[in-house]
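The structure under discussion is supplied below as structure tokens; questions concerning it will follow.
The values are calculated or read from the model by the stated rules, or taken from the named source; none is laboratory data. The structure presented is a predicted model; accordingly, all values stated were derived computationally and were not measured. Every residue, glycine among them, receives a Cβ derived from its backbone with ideal geometry; neighbour counts consider all protein chains shown.
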């Protein structure tokens, strides 16, 4: 079993805001991340898949195919977008790195199964210092 | 003459949009950077100053003092903000990396003169692949 | 279960020296790391915690709270210090990356339990090329 | 149990080419990676070993000894070489990152056992965006 | 005047070899860089242009246009190629980082003039530790 | 004229301390950098030389020769040392990044002249955020 990781990037705006809470409580809990007019990040996404290398190609997965799936299902919907307003799979969800990591897993899971390998983890850097990782359970 | 560079970071939302143009022309010229609901970046800022090392300290400039000036004049106004809507010194200006670099120079110039050294350049990375640099003329 | 990683930095002096050994044996085993007048490093610390995202915040942990714990228990005692002489939790211990990683785990474990999440791993880079990681057993 | 990771580098030429296939099929499957006159990469290799710190040294492993083993068994055979033509342990094998990662494991396994610690994983970056990792099964 | 830098990447094989010299002398002067079967690198290219920001766009240059010029004139000819054998503008030239940097300047100069800005420098990293830069004279 | 940059690393201990001042004033001016028992850094050194490429080799300078000069004159004296106590060329000087950058220039200047190229600049990173650069006047 070999693990393959592909790194991709997207830039997006967001804010942390709980609609059930007062503005005061949002500012208290989320601090400057609750700025009403949004802020944004360069996100770095690491998608790790695992499988046996195909003896004819030496590949666990064709990286061009994997990269295209990630682009179509995750990068295009998120890149240069506002994740609270523009992204169907984030509608009504908290725009934290944690939740985004789990939702990216859900977008990719069955497409990657269809490539004949298994999705192992999604790791997402919001900044160079803060990241979240999800293994599917 | 020794050159000292201090690196700082901020995260902000923006869009590229010329108010004199139709929506159609904005999308044609700025592409996905014109997304109406904004997008955002982790900006990396490099401030370079020059001067003679003080023989008593070995310092061209006290980096704690330099860092505080950058924080007060640039990072606090921009960090976790929307640079088109929330930032006084960017009001009515195009939110490109180029213009932002020049405006950051203007915010810092006389504060750094007051420290007894000279501002040499402002370099700003919008992403790891795209940066602008300004030397004051 | 989502894993969250926070990166922090500290700068410290140390030497590798076994008090039970002759100077000759220390030089033989530890080479230039045994320099009697110390040397030092910029250490990079990665603290990974795990838990379920809180549905109200989307957070596994409030990163400001996590960062404050790391600062109080680890960064402040170590930063700009000599880890053989100035750091209570390293007194009488070998100042290797391995031992330091385990001792940082001990400093953080119960504080992180008190935040309602679980400490998963401590990873410490002594240089860009050398790192140690500890998972608690 | 503490995990220690050592990073090393090598530069090599390769191409992806299956001798059982027509030129046409090689180009179709491997794209520009099948360029007949080769292309190349700066590879970054991460070797992770695990063990208990020796109480006399604080070391899981002497990193100078580990680095020498990696140099003799992996870096010297691969560095500034053509991995399809010049490297005994890659002869007749597909020169994919996956296969190379597994073969590097085989080169290092018993040498690292002989140091008194256990090889945990081999991670290999072909580019900053593409990497493979192998844990021995 | 603002300076804009765009970073791009390519992977290529090469060797250092002077056809006027004996094999012995080539090995003596170029060492392992003269390996007859080639070796290779991940090259990182930094193209810096300068100009006045256009008041309507805030741009010194449209980075999509600049990136397309670099791709067509430099990246496509070099990427996944053997620079001694496959690249028209390197034919009969020494494949050193220095010469390659100068030749990339020549490929880009008039295309960038045609964009209405000026080419300032070409910087090329062969590895993370070795780079060359050329300013046109 | 082509500019060549070589990156090297060293790890050292130091403190900032002016012997003419009281302990109180040293702590006031230098803060935690005045810790009496030292602290330390991983320094990154960038040496830039300039010259015309030799038509027979394509080289401005043989990087193996340049690297050896840097190693002998700068890295070996500083690496795994205390720069206030162990380094002849820093004796009696403030151990700031600025002063160290100038002193490294002095160590290298005539050795690099002897290689037939010109020393252009010395850039030294004390941390990822703080650096100094010196051009010889």
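Out of everything in the range D:87-105 that is within 13 Å of chain A (Cβ to nearest Cβ) and closer than 17 Å to residue D:73 by Cα, what residue ends up being farthest from the chain's Cα centre (by Cα)?
Restricting to residues being within 13 Å of chain A (Cβ to nearest Cβ) and closer than 17 Å to residue D:73 by Cα, the top hit is D:90.
Then there's this: Would you be able to tell me the number of residues in the range D:11-26 that are free of Cβ contacts under 8 Å to residues at least 40 places away in the same chain and either more than 23 Å from residue D:86 (Cα to Cα) or within 12 Å of chain E (Cβ to nearest Cβ) (or both)?
Of the residues in that region, 3 qualify.
Restricting to the range D:115-129, name every residue that is outside any strand (DSSP E or B) and over 13 Å from residue D:70 (Cα atoms). Break it down stepwise before answering.
The first filter runs over the range D:115-129 and keeps only residues outside any strand (DSSP E or B), leaving D:115-117, D:126-129.
Passing the criteria: D:116, D:117, D:126, D:127, D:128, D:129.
Out of (1) surrounded by 16 or more Cβ atoms within 10 Å (Cβ to Cβ); (2) touching a strand residue (DSSP E or B) at 6+ places or on another chain (Cβ under 8 Å), the odd one out for residue C:135 is which?
Result: residue C:135 fails condition (1) only.
Scan the range F:1-46 residue by residue and report those that are in contact with a helix residue (DSSP H, G or I) (Cβ under 6 Å, 6 or more places away or on another chain), part of a strand (DSSP E or B) and over 15 Å from residue F:77 (Cα atoms).
Passing the criteria: F:2, F:6.
Out of curiosity, is residue B:42 crowded, with 17+ Cβ neighbours inside 10 Å, in contact with a strand residue (DSSP E or B) (Cβ under 8 Å, 6 or more places away or on another chain) and more than 28 Å from residue E:1 (Cβ to Cβ)?
In short, no.
Could you please give the count of residues in the range A:58-68 that are in a loop (DSSP other than H, G, I, E, B), touching a residue at least 12 places away in the same chain (Cβ under 8 Å) and surrounded by 18 or more Cβ atoms within 10 Å (Cβ to Cβ)?
Residues flagged as in a loop (DSSP other than H, G, I, E, B), touching a residue at least 12 places away in the same chain (Cβ under 8 Å) and surrounded by 18 or more Cβ atoms within 10 Å (Cβ to Cβ) within the range A:58-68 amount to 2.
Assess whether residue E:118 counts as being crowded, with 16+ Cβ neighbours inside 10 Å, more than 11 Å from every other protein chain (Cβ to nearest Cβ) and modelled with pLDDT of 95 or more.
Criteria met by residue E:118.
May I ask you to list the residues in the range E:28-39 that are within 25 Å of the chain's Cα centre (by Cα) and surrounded by fewer than 19 Cβ atoms within 10 Å (Cβ to Cβ)?
E:29, E:31, E:32, E:36, E:37
Shifting gears a bit: Could you tell me how many of the residues in the range F:78-108 are assigned to a helix (DSSP H, G or I), in contact (Cβ under 8 Å) with a residue 24 or more places away in the chain and out of contact with any strand residue (DSSP E or B) (no Cβ under 9 Å at 6 or more places or on another chain)?
Total satisfying the criteria: 1.
Ok, one more. Scan the range A:10-27 for residues that are under 23 Å from the mean Cα position of the chain (by Cα) and more than 14 Å from residue A:100 (Cα to Cα) and report the count.
3
In addition: Here are C:81, C:15, C:71: which of them is surrounded by fewer than 17 Cβ atoms within 10 Å (Cβ to Cβ) and modelled with pLDDT of 95 or more?
C:71
Where the second residue is modelled with pLDDT under 95 and part of a strand (DSSP E or B) and the first is at the interface with another protein chain (Cβ under 7 Å from one of its Cβ atoms) and lies in the range C:36-57, which pairs have Cβ atoms under 9 Å and are six or more apart or on separate chains?
Partner pairs satisfying both residue conditions: none exist.
Let me ask another. Which one is nearest to residue A:77 (Cα to Cα) among residues in the range B:68-85 that are in contact with a helix residue (DSSP H, G or I) (Cβ under 9 Å, 6 or more places away or on another chain) and more than 14 Å from chain A (Cβ to nearest Cβ)?
The residue in question is B:74.
Take the conditions touching a residue at least 60 places away in the same chain (Cβ under 8 Å) and surrounded by fewer than 17 Cβ atoms within 10 Å (Cβ to Cβ) and apply them to residue B:123. Does it pass? Quick ask: steps written out before the conclusion?
Working: touching a residue at least 60 places away in the same chain (Cβ under 8 Å): yes; surrounded by fewer than 17 Cβ atoms within 10 Å (Cβ to Cβ): no.
For residue B:123, the condition - touching a residue at least 60 places away in the same chain (Cβ under 8 Å) and surrounded by fewer than 17 Cβ atoms within 10 Å (Cβ to Cβ) - is not met.
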